[in-house]
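Worksheet for the structure shown next.
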């Protein structure tokens, strides 16, 4: 477990969140990182991110990623609703330049 104080993506600098999360390797070698955020006023948020390394060659790596953000209360001023707020996904292509 690693504590951090990174606010969710939609938060601004006038709002502080306390965060606790874990980061690790799930079965089938998925990188998995759930994080729980708590703020005054009873607001709770969560983030789940995951990725997977696909080795196309010994040096060329393709890494699909997905991130889900959840909120316990709606905030119309920021355009955030209750429940699943957004889903981000993407793909990173990396080249490993170090020798083994």
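A few comments on the model shown:
- The range 76-98, residues that are over 20 Å from the mean Cα position of the chain (by Cα) and either more than 22 Å from residue 39 (Cβ to Cβ) or surrounded by 10 or more Cβ atoms within 10 Å (Cβ to Cβ) (or both): 95, 96, 97, 98
- The range 17-31, residues that are loosely packed, with under 15 Cβ neighbours inside 10 Å and closer than 21 Å to residue 71 by Cβ: 18, 20, 22
- Given (1) over 20 Å from residue 18 (Cβ atoms); (2) touching a residue at least 40 places away in the same chain (Cβ under 8 Å), number of the condition residue 78 does not satisfy: (1)
- Identification of strands (runs of 3 or more DSSP E) wholly contained in the chain with 1 or more residues that are modelled with pLDDT of 85 or more and touching a strand residue (DSSP E or B) at 6+ places or on another chain (Cβ under 8 Å) yields 18-21, 24-26, 30-39, 43-51, 60-71, 83-95.
The values are calculated or read from the model by the stated rules, or taken from the named source; none is laboratory data. Quantities reported herein were computed from a predicted structural model and do not represent experimental measurements. Note that we place each Cβ from the backbone using ideal geometry, even for glycine, and neighbour counts take in every protein chain shown.
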